[in-house]
């Protein structure tokens, strides 16, 4: 890692001291101290619910702490709102981007900060300034085109660029790589590092992925249950200690072990996924049978996809963005129209009209987009879990709420859902929202479970829990599990077999995950492209 120009005087920078924030009397932050110096990248990591988002909201003015002080260059700030933080030179880029896709790039760059002359918009000046900004950050866009015409990776870089051009001295980034993969991640992290090194902007980077965090951070801070557990130079803080601090010894062993030998599922009650009620007819399939067979499938996005998925195994689908991984899952549950080819479920031809029909046949899909296509934010966790199976609890038009609650609790306990389950599910941390969606999928008792980015935006401890659960579902309970992930390490850790997608094609060639490396996966995707 290249040395940066970091202010070591102890005076300059953004400093939070003794930050406390309580919700309903429960501390989300319990006395947090944190400093971001000019030219420094501070990597902040912690489990879901550790307080990372709350801390960012305090620093960005979105939430007022109950106790503690926030200073810039030794001067206390009264952050009465985001505008006050911006005025103090603190900009925040959240995981959910705030740019407006229906406006042009130029309009987004100057939104709320338009250049005017004699009361009229100076469109040419704004267009020229927007071009200079995107060229400086090497963002490949036409400033006159709608932002929505560009992929998420481009919009992410543009939002960072916009934040810096408004006089920001400190940049807070909340999981900026969640929707990116491969070279996009490398490019964004390079941009962040270069920004700190050349402009002196201090960066606070929240990232669940330790490999990414260590690639760019000067300082590593681990937040555990609202307290700073570890803080030190990235050169001296061992990542194994970080994992142990935030996820526990068991997860550290699981995530940091060398090799990928199948070690089965732990039986420790704190970490074991427990037993999921068996899907109907799952145990009736003879060994070696194919549960899901796809032959030459074509849709508007898929050109020719073939593959086989078997009971008792986890099949990983790998490919670059736009390769067709997600589109296959959507076609399998009736969200995208099949234009050619065949799908067989347990040997019978299968073509559902919608996800409900697919679920009744035993094919259940967990979407990648938790917030837009998954949870119903205003409903509590239990209701979210049982939404697709409400008919099971209906008698003469009345719901048996006691039975409904028992079933929801069973699956949420299975997945160790933490937080106030009686409150709207949106009040839970991102990782616990993801667990609620997994509980919903399992409550439908699938025979084939289709998962699109099942650990997107969750911390390493939750990721470890989910991986163990998926292996248990397949290896011990005979379920057929199909996983899409943009993380090579995740594919290699959770999958038994891997197929590669490229440009809407998959030839069905299956390779054992144990024989592959990250380099092998990337090379296979590039060779097929």
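Each value in this text was obtained by applying a stated rule to the coordinates, not by laboratory testing. Predicted, not measured: the structure shown is a model, and the values here were computed from it. Cβ placement follows ideal geometry from the backbone for every residue including glycine, while neighbour counts extend to all protein chains displayed.
In terms of packing, defined here as the mean over residues of other Cβ atoms within 10 angstrom, the peptides 233-243, 425-435, 406-416 line up highest first as 425-435, 406-416, 233-243. Averaging 1/r over every pair of different alpha carbons in the range 374-445 and inverting the result gives a Kirkwood radius of 11.9 Å. Using a cutoff of 8 angstrom between alpha carbon atoms and counting only pairs six or more residues apart, the relative contact order for the chain works out to 16 percent.
Directionally averaged projected area (the range 58-126, Cα convex hull): 6.8 nm².
Sorting the segments 291-302, 384-395 by their mean number of nearby beta carbons within 10 angstrom, highest to lowest, gives 291-302, 384-395.
Each of the peptides 137-147, 501-511 was scored by the mean count of other Cβ atoms within 10 Å over its residues; in descending order, highest first, they stand as 501-511, 137-147.
The Kirkwood hydrodynamic radius of the range 315-389, based on inverse pair distances between different Cα atoms, is 14.1 Å. Think of it as helices only: each DSSP H run of n ≥ 4 in the chain is worth -39500 (n - 2.57), and spread over all residues that comes to -9500 deg cm²/dmol at 222 nm. A straight chain from residue 190 to residue 399 at 0.36 nm per residue would run longer than the Cα-Cα distance by 69.8 nm. How much of the DSSP bridge set in the chain is antiparallel, in percent, rounded to the nearest 5? Rounded to the nearest five, the antiparallel share is 55 percent. Remark: spin-label model distance residue 476-residue 518 equals 3.0 nm, labels positioned 7 Å along the Cα→Cβ axis.
Rounded to the nearest whole angstrom, the semi-axes of the ellipsoid equivalent to the range 9-140, taken from the Cα gyration tensor as √(5λ), stand at 33, 17, 16, largest first. Put in order of Cβ neighbour count within 10 Å, fewest first, the listed residues 208, 467 become 467, 208.
Label-to-label distance, residue 357 versus residue 390, with points set 7 angstrom from Cα along the beta-carbon direction: 2.2 nm.
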